[in-house]
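Contents: one structure, followed by commentary.
The values are calculated or read from the model by the stated rules, or taken from the named source; none is laboratory data. From a predicted model like this one, the values you see are computed outputs, not experimental measurements. For neighbour counting, all protein chains shown are included, and Cβ atoms are generated from backbone atoms with ideal geometry for every residue, glycine included. We work out accessible area using only protein heavy atoms, side chains counted, and drop any ligands, DNA or RNA first. Shrake-Rupley method; radii C 1.70, N 1.55, O 1.52, S 1.80 Å.
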Amino acid sequence: MSLPRLMTLLPKRLNLSLAATAVLLLVLVVVNQPLQTGSAPQGIVSLQMAATADQSMAILRSWRQDGMLWAQISLWLDFLFVPAYLATLIFLTNHLMRDRPGIRERNVARWVKALFVTAGAGDLTENILLLNNMDPPTDMVSLSATLCALVKFTGLMLGCAGLVIIRAARRHPLAHE
(Lines give C-alpha, C1' and ligand atoms only; values in the text may rest on other atoms or scores of the structure.)
Protein backbone atom coordinates (compact mmCIF):
# COMPACT_ATOMS: atom_id res chain seq x y z
CA MET A 1 0.00 0.00 0.00
CA SER A 2 1.40 3.42 -0.93
CA LEU A 3 2.06 6.08 1.70
CA PRO A 4 -0.50 8.58 0.28
CA ARG A 5 -3.17 5.85 0.29
CA LEU A 6 -2.26 4.87 3.84
CA MET A 7 -2.47 8.51 4.98
CA THR A 8 -6.03 8.82 3.64
CA LEU A 9 -7.07 5.83 5.76
CA LEU A 10 -5.80 7.35 9.01
CA PRO A 11 -7.74 9.91 11.05
CA LYS A 12 -6.72 13.55 10.55
CA ARG A 13 -5.58 13.97 14.20
CA LEU A 14 -3.29 10.97 13.85
CA ASN A 15 -1.87 12.27 10.56
CA LEU A 16 -1.17 15.71 12.05
CA SER A 17 0.45 14.37 15.19
CA LEU A 18 2.46 11.88 13.13
CA ALA A 19 3.72 14.70 10.90
CA ALA A 20 4.66 16.87 13.90
CA THR A 21 6.42 13.93 15.54
CA ALA A 22 8.34 13.14 12.35
CA VAL A 23 9.47 16.75 11.88
CA LEU A 24 10.59 17.08 15.50
CA LEU A 25 12.37 13.72 15.35
CA LEU A 26 14.24 14.81 12.23
CA VAL A 27 15.28 18.07 13.92
CA LEU A 28 16.43 16.17 17.03
CA VAL A 29 18.49 13.78 14.89
CA VAL A 30 20.18 16.74 13.16
CA VAL A 31 20.82 18.52 16.49
CA ASN A 32 22.29 15.30 17.91
CA GLN A 33 24.95 15.03 15.19
CA PRO A 34 27.48 17.45 16.78
CA LEU A 35 26.99 15.67 20.13
CA GLN A 36 28.43 12.37 18.89
CA THR A 37 31.97 12.13 20.25
CA GLY A 38 34.30 9.42 21.48
CA SER A 39 32.89 9.80 25.00
CA ALA A 40 29.33 10.10 23.71
CA PRO A 41 29.00 7.83 20.65
CA GLN A 42 25.19 8.10 20.80
CA GLY A 43 25.15 11.84 21.48
CA ILE A 44 22.48 12.95 23.94
CA VAL A 45 21.42 9.31 24.53
CA SER A 46 24.89 8.67 25.94
CA LEU A 47 24.30 11.45 28.48
CA GLN A 48 20.88 10.00 29.31
CA MET A 49 22.50 6.66 30.11
CA ALA A 50 25.48 8.08 32.04
CA ALA A 51 24.69 6.82 35.53
CA THR A 52 27.58 8.53 37.35
CA ALA A 53 28.91 12.05 37.66
CA ASP A 54 32.25 10.91 36.21
CA GLN A 55 30.58 9.52 33.07
CA SER A 56 28.45 12.65 32.72
CA MET A 57 31.46 14.93 33.18
CA ALA A 58 33.47 13.03 30.55
CA ILE A 59 30.62 13.45 28.08
CA LEU A 60 30.15 17.14 28.89
CA ARG A 61 33.90 17.78 28.51
CA SER A 62 33.92 16.05 25.13
CA TRP A 63 31.24 18.44 23.91
CA ARG A 64 33.11 21.62 24.87
CA GLN A 65 31.21 24.92 24.60
CA ASP A 66 29.47 24.46 21.24
CA GLY A 67 28.30 20.97 22.13
CA MET A 68 26.84 22.19 25.41
CA LEU A 69 24.65 24.61 23.46
CA TRP A 70 23.50 21.79 21.14
CA ALA A 71 22.81 19.56 24.16
CA GLN A 72 20.63 22.23 25.74
CA ILE A 73 18.82 22.82 22.45
CA SER A 74 18.21 19.07 22.16
CA LEU A 75 16.80 18.84 25.68
CA TRP A 76 14.54 21.88 25.20
CA LEU A 77 13.30 20.55 21.83
CA ASP A 78 12.54 17.26 23.55
CA PHE A 79 9.99 19.14 25.69
CA LEU A 80 8.06 19.69 22.41
CA PHE A 81 8.77 16.19 21.11
CA VAL A 82 7.32 14.41 24.16
CA PRO A 83 3.73 15.68 23.78
CA ALA A 84 3.95 15.16 20.01
CA TYR A 85 4.98 11.50 20.23
CA LEU A 86 2.65 10.92 23.17
CA ALA A 87 -0.33 12.26 21.19
CA THR A 88 0.69 10.17 18.17
CA LEU A 89 0.89 6.98 20.23
CA ILE A 90 -2.43 7.65 22.00
CA PHE A 91 -4.18 8.43 18.69
CA LEU A 92 -2.62 5.32 17.14
CA THR A 93 -3.84 3.19 20.05
CA ASN A 94 -7.35 4.63 19.66
CA HIS A 95 -7.23 4.01 15.91
CA LEU A 96 -6.12 0.39 16.33
CA MET A 97 -8.90 -0.15 18.88
CA ARG A 98 -11.56 1.15 16.50
CA ASP A 99 -12.91 -2.30 15.67
CA ARG A 100 -11.94 -4.08 18.90
CA PRO A 101 -15.05 -4.42 21.08
CA GLY A 102 -13.64 -7.07 23.42
CA ILE A 103 -13.07 -6.39 27.12
CA ARG A 104 -9.57 -7.88 27.02
CA GLU A 105 -8.52 -5.65 24.12
CA ARG A 106 -9.92 -2.60 25.90
CA ASN A 107 -7.99 -3.49 29.08
CA VAL A 108 -4.79 -3.97 27.09
CA ALA A 109 -5.38 -0.61 25.40
CA ARG A 110 -5.73 1.09 28.80
CA TRP A 111 -2.45 -0.48 29.91
CA VAL A 112 -0.77 0.53 26.64
CA LYS A 113 -1.89 4.14 27.06
CA ALA A 114 -0.72 4.12 30.69
CA LEU A 115 2.69 2.82 29.56
CA PHE A 116 2.96 5.59 26.96
CA VAL A 117 1.98 8.28 29.49
CA THR A 118 4.49 6.86 31.98
CA ALA A 119 7.16 6.95 29.27
CA GLY A 120 6.33 10.59 28.50
CA ALA A 121 6.45 11.54 32.19
CA GLY A 122 9.79 9.75 32.52
CA ASP A 123 11.11 11.60 29.47
CA LEU A 124 10.05 15.02 30.80
CA THR A 125 11.53 14.28 34.23
CA GLU A 126 14.74 13.06 32.62
CA ASN A 127 15.03 16.31 30.60
CA ILE A 128 14.65 18.41 33.74
CA LEU A 129 17.26 16.33 35.54
CA LEU A 130 19.73 16.51 32.64
CA LEU A 131 19.34 20.27 32.30
CA ASN A 132 20.09 20.60 36.02
CA ASN A 133 23.04 18.18 35.85
CA MET A 134 25.27 20.12 33.50
CA ASP A 135 27.30 22.23 35.89
CA PRO A 136 28.66 20.22 37.66
CA PRO A 137 27.08 16.79 37.36
CA THR A 138 26.34 14.78 40.48
CA ASP A 139 25.99 11.05 40.99
CA MET A 140 22.45 11.36 42.36
CA VAL A 141 21.10 13.42 39.47
CA SER A 142 22.99 11.36 36.86
CA LEU A 143 21.58 8.12 38.24
CA SER A 144 18.09 9.61 38.54
CA ALA A 145 18.18 10.76 34.90
CA THR A 146 19.34 7.31 33.80
CA LEU A 147 16.52 5.63 35.73
CA CYS A 148 14.01 8.02 34.11
CA ALA A 149 15.48 7.19 30.68
CA LEU A 150 15.08 3.48 31.43
CA VAL A 151 11.46 4.07 32.47
CA LYS A 152 10.92 5.96 29.20
CA PHE A 153 12.46 3.32 26.96
CA THR A 154 10.76 0.45 28.81
CA GLY A 155 7.36 2.17 28.65
CA LEU A 156 7.73 2.82 24.93
CA MET A 157 8.86 -0.73 24.12
CA LEU A 158 6.19 -2.42 26.23
CA GLY A 159 3.53 -0.06 24.89
CA CYS A 160 4.50 -0.84 21.29
CA ALA A 161 4.45 -4.56 22.12
CA GLY A 162 0.95 -4.02 23.51
CA LEU A 163 -0.13 -2.47 20.21
CA VAL A 164 1.05 -5.59 18.39
CA ILE A 165 -0.91 -7.74 20.84
CA ILE A 166 -4.04 -5.64 20.30
CA ARG A 167 -3.82 -6.06 16.53
CA ALA A 168 -2.96 -9.75 16.67
CA ALA A 169 -5.66 -10.65 19.18
CA ARG A 170 -8.40 -11.30 16.62
CA ARG A 171 -6.21 -12.02 13.59
CA HIS A 172 -8.05 -9.98 11.02
CA PRO A 173 -7.06 -6.71 9.37
CA LEU A 174 -8.27 -3.35 10.62
CA ALA A 175 -11.73 -2.70 9.19
CA HIS A 176 -11.84 0.37 6.93
CA GLU A 177 -14.69 2.82 7.02
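Before we move on, is residue 86 in contact (Cβ under 8 Å) with a residue 60 or more places away in the chain and surrounded by 15 or more Cβ atoms within 10 Å (Cβ to Cβ)? No.
For segment 95-145, a residue qualifies if it is of a type in the set (Asp, Glu) and closer than 16 Å to residue 49 by Cβ, and the qualifying residues are 123, 126, 139.
The set of residues from segment 124-139 being hydrophobic (A, V, I, L, M, F, W, C) and either closer than 14 Å to residue 57 by Cβ or not in a helix (DSSP H, G or I) (or both) comprises 130, 134.
Report yes if some residue within segment 65-88 is farther than 18 Å from residue 30 by Cα, in contact with a Cys (Cβ under 7 Å, 6 or more places away or on another chain) and of a type outside the set (Ser, Thr, Tyr); otherwise report no. So far as segment 65-88 goes, no, none of its residues is farther than 18 Å from residue 30 by Cα, in contact with a Cys (Cβ under 7 Å, 6 or more places away or on another chain) and of a type outside the set (Ser, Thr, Tyr).
Listed by first and then second residue, the pairs with beta-carbon distance under 9 Å, at least 6 apart or on different chains, first residue in segment 58-74 and farther than 12 Å from residue 135 by Cβ and touching a residue at least 40 places away in the same chain (Cβ under 8 Å), second open to solvent by 100 Å² or more (accessible area, probe 1.4 Å) and part of a helix (DSSP H, G or I), form an empty list. Of the residues in segment 4-12, at least one is in contact (Cβ under 8 Å) with a residue 12 or more places away in the chain, surrounded by fewer than 19 Cβ atoms within 10 Å (Cβ to Cβ) and in a helix (DSSP H, G or I). Sub-7 Å Cβ pairs linking a first residue in segment 127-146 that is closer than 21 Å to residue 73 by Cβ to a second residue that is assigned to a helix (DSSP H, G or I) and hydroxyl-bearing (Ser, Thr, Tyr), at least 6 apart or interchain, are 129/144; 133/56; 133/142; 137/56; 142/56, ordered by first then second residue. Looking across segment 28-58, the residues that are assigned to a helix (DSSP H, G or I), within 20 Å of residue 125 (Cα to Cα) and open to solvent by less than 30 Å² (accessible area, probe 1.4 Å) come down to 28, 32, 44, 46, 47, 48, 53, 56. Every condition in (1) open to solvent by less than 40 Å² (accessible area, probe 1.4 Å); (2) over 24 Å from residue 167 (Cβ atoms) holds for residue 95 except the one numbered (2). Within segment 117-151, being more than 16 Å from the chain's Cα centre (by Cα) and open to solvent by less than 10 Å² (accessible area, probe 1.4 Å) holds for 133, 142.
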